[in-house]
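Accompanying notes for the structure given below.
Read-outs throughout are calculated quantities, based only on the coordinates presented, and are distinct from any laboratory measurement. Predicted, not measured: the structure shown is a model, and the values here were computed from it.
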Amino acid sequence: MIGQDLLGIESLDRERIELILETAEKMQEIGTRDVKKVPTLRGRTVVNLFFEPSTRTQTSFEIAGKRLAADVVNFSVSSSSLSKAESLLDTAKTLDAMDPDAVIVRHKVAGVPQRIADVLDAPVINAGDGAHEHPTQALLDMLTVYQEKGRIEGLSVAIIGDIAHSRVARSNIYGFTRLGAEVRVAGPPTMLPPQVDVLGVKAYTSLREALDGVDVVMALRIQNERLGGGIFPSVREYSSTFGLDRAKLRFARPDAIVMHPGPVNRGVELSHDLADHRPSVILDQVRNGVALRMALLYLIAGRDFPQDQE
Ligand code: CP
């Protein structure tokens, strides 16, 4: 994968997904060391180019790069020449002229990472674009499920909520189906994309039916910033019908785990109790995000494997 862009899960075959997950498992050991740093990416430069707010993705890419000894630059949109009307592509080309080894892009508009990748020499990693894809989130979700369940093939995964506006849902649908899981989606009809079955998933408007016997329940954030209004009557009604709590979780398998990409709207898509306690694995997802992003930086911008380095 050296020098290649990672723009979505849709274009990743099973072999490459498995390679990334196996590499991430090896990277996890570095996070347990007293000194959490190896020289794998010494002399390499990683640029975080985030045009949308982020806590988990931006911070974990920064920590991942630093654990591999890369120089990580967090580009500040608000204090950049974008505020002097420099275009997005001119900004990207300007950064590319400084010879970064990887550029991480998040943007509210679907397709921007692809557009930037088209004009950059450096490989681009999509950190979330509009309602299109969030590939690194899906990869860390697959890693978390694999480590919890010991497999992905044959599992049932229910994704609940605003499927139509969710880049996390799309990337997870591509990823989990490619690894042989059954994927169900559930939400109010206005939150289910038309013809969602072409993605190889079954759609439900009944939470009870969607959860019946599943191994994994993934609640999605209600994305107020992408909603035009009129999608559901009220937050209270959404919460009572599709918000997950322990009572509704009883429809799933007794050993089902609960996931959420964050940030969580507590009391809306997830009860406070489930947000904080098992079977929720939300903080494991966050922790795995660092190892997963280390794996990607190593595979895309790296050289020697860190196990051989002190
Ligand atoms: N899951 C996720 O993308 O979170 P952030 O917006 O905090 O990066």
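Among the listed pairs LYS66/LYS93; LYS26/LYS93; LYS26/LYS202; LYS66/LYS108; LYS26/LYS149; LYS26/LYS66, those with a Cα-Cα distance over 28 Å are LYS26/LYS93; LYS26/LYS202.
With Rh defined as the Kirkwood radius, the inverse of the mean 1/r over Cα pairs, the Rg/Rh of the stretch 135-282 is 0.92. Taking Cα atoms only, the orientation of helix 282-301 departs from the longest principal axis of the chain by about 40 degrees. Counting only alpha carbon atoms, the long axis of helix 56-67 and the longest principal axis of the chain meet at about 40°.
Within the stretch 100-219, the ratio Rg/Rh, alpha carbon atoms throughout and Rh by Kirkwood, equals 1.02. Remark on ALA252: its backbone amide H falls under 5 Å from those of GLY213, a criterion applied only to residues 5 or more positions apart or on other chains, H modelled at 1.01 Å from N. Helix 135-149 and the long axis of the chain differ in direction by around 60°, with both axes built from C-alpha atoms.
Around the amide H of LEU270, modelled in the peptide plane, lie the amide H atoms of LEU244, all under 5 Å away and 5 or more residues distant in sequence or on another chain. Rounded to the nearest Hz, the phi-derived 3J(HN,Hα) couplings of the stretch 167-179 under the Karplus curve 6.51 cos²θ - 1.76 cosθ + 1.60 (θ = phi - 60°) are 5, 5, 4, 4, 5, 5, 4, 4, x, 5, 5, 5, 8, where x marks glycine and proline.
Enter the per residue convex hull volume of the chain, computed from alpha-carbon coordinates, in Å³ rounded to the nearest integer.
For the chain, the hull spanned by Cα atoms encloses 132 Å³ per residue.
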